[in-house]
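Report on the structure given below.
The values are calculated or read from the model by the stated rules, or taken from the named source; none is laboratory data. Source: prediction; values computed, not measured. Please note: Cβ atoms are built from the backbone with ideal geometry, for glycine as well, and neighbour counts cover all protein chains shown.
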Amino acid sequence: MASMLSASTISGVSSITKGGSFRRSKLFTNNHYANISASYVPTLLHKNGKLQKENFAIMASRHNLNHHYKVIDEGSTCEKRDTKYVVKSISSEQSFGYENQAKDPKNIWVTIKNAFDAFYRFTRPYAAIESAMAVISLSFLAVEKVSDLSPLFFIALFKLLVTSFLMNIFHCGFNQLCDIEIDKINKPYLPLASGEWSYTKSVIIVASSLLLCLGLAWVEGSGPLFWGFLIGAILTAVYSVNLPLLRWKNSALLAAINIFTNAGVVRPLGYYLHMQTCVLKRPATFPRPLIFCTAILSLYFLVVALSKDIPDTEGDEKFGVQSLSVRFGQKKVFWICISLLQMGYGATILAGATSPFLWSKLSTGLGHGILALALWYRAKSVDLKSKDSFQSFYVFIWKLLSIEYFLIPLFR
């Protein structure tokens, strides 16, 4: 009987020790002991002369068991306290480290710098500069006398620069949203194509820019500006969205028509008529300088539309975009672009010679002559097999366009 009790007791101790909780261990012990008493005491009463010995065995087992639980309880408690202390210490150190990192001026500056760099690449800086130059050039083209250069004129010019910048974000961002897979091949440095920006974040930025742009034009009460921006946004969607009868960029002819209509006609007319009618309070007219401006800008953007696809032949061909470079080859399209610009410069020099003002003849003729020579010299050094070489030349075309914006107000 004593051996049975000892075995049962040891079994109970073993199972309780594995549980590791004093409260559960104590409860188990009391119940276990009660069960032993209820089961075996009646049996002991019927045994001859063995009651005292077995009672002693039970009491001894109980004493040993209680002593064992006491030790386990103390060890368990200490162990728990130690564990809590270590965890709390580690979490405090980590929190302290994170707080130091968050408050570190260097880390904050790096975060701001990286965010600005991504936004800079997303908005295509050369396109943003061109947009600002277009606003300034067309605004001054509407000026007819010195008294027009009032504080009201410059305030309106500043507002126009802000709205045109927002529209530029929409134009560049919307095209990237529709061309993620192509840009992963052709322009992997863009934040959306590289995964640096999420699709949702880019959509929010693009949509907000469009709504703010249209909202500011509406608040100004300028019909030419509002409709110019709205038509420009529609043309951007027609150019990029992959739906039936849309995505004009897949066709070389439709892509060229879309780009020079949007950037060479719609935007200049919107800027000029806004300044003429809403700021300078004159009736809407289409003078000779405005006609010249839209003609030369249309030619520039036709060249931009054709040349921008030259380094993207690999990605365009893979995704079925039938650009002129895919159809006729990079070299042929490149020299077509150079020839178009040279013819445009020649026509502009002749048009400037008909001006009644000597200063306009000299500035137009001399300025465009220098641009023609610079273009020819730069074109001969381009390596079409190198994307970096052509990208540098493509940026050079935008620089020529920026200089053109300085010359446009001088044509009278």
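Before moving on, here are some points about what is shown:
- Single match in T285, T277 (criterion: over 23 Å from the mean Cα position of the chain (by Cα), over 14 Å from M167 (Cβ atoms) and in a loop (DSSP other than H, G, I, E, B)): T285
- Residues within the range 219-236 that are assigned to a helix (DSSP H, G or I) and loosely packed, with under 14 Cβ neighbours inside 10 Å, tallied: 2
- Pick from the range 262-296, criterion polar (S, T, N, Q) and crowded, with 18+ Cβ neighbours inside 10 Å, ranking: nearest to I349 (Cα to Cα): T294
- Members of the range 170-218 found to be surrounded by fewer than 19 Cβ atoms within 10 Å (Cβ to Cβ), assigned to a helix (DSSP H, G or I) and acidic (D, E), listed by number: E181
- Taking the criterion of being within 17 Å of P224 (Cβ to Cβ) and assigned to a helix (DSSP H, G or I), the residues of the range 141-161 that qualify are L141, F153, A156, L157, K159, L160, L161.
- Looking across K106, K159, one residue alone is in contact with a helix residue (DSSP H, G or I) (Cβ under 9 Å, 6 or more places away or on another chain) and surrounded by fewer than 20 Cβ atoms within 10 Å (Cβ to Cβ). It is K159.
- Test: residue in the range 352-365 that is under 34 Å from the mean Cα position of the chain (by Cα), in a loop (DSSP other than H, G, I, E, B) and either among the hydroxyl-bearing types (S, T, Y) or surrounded by 13 or more Cβ atoms within 10 Å (Cβ to Cβ) (or both): no
- Considering the range 393-412, and only residues there that are of a type in the set (F, W, Y) and under 30 Å from the mean Cα position of the chain (by Cα), the residue that is surrounded by the fewest Cβ atoms within 10 Å (Cβ to Cβ) turns out to be F396.
- Scanning the range 231-285 for residues that are aromatic (F, W, Y) and either on the phi > 0 side of the Ramachandran plot or touching a residue at least 12 places away in the same chain (Cβ under 8 Å) (or both) yields Y239, F260, Y271, Y272.
- Summed over the range 370-389, the residues that are assigned to a helix (DSSP H, G or I), over 17 Å from L340 (Cβ atoms) and not hydroxyl-bearing (S, T, Y) give a count of 3.
- Inter-residue pairs, beta-carbon under 7 Å, first more than 10 Å from A263 (Cα to Cα) and in the range 296-315, second at pLDDT below 85 and among the charged types (D, E, K, R), 6+ apart: D309/D316; P311/K387
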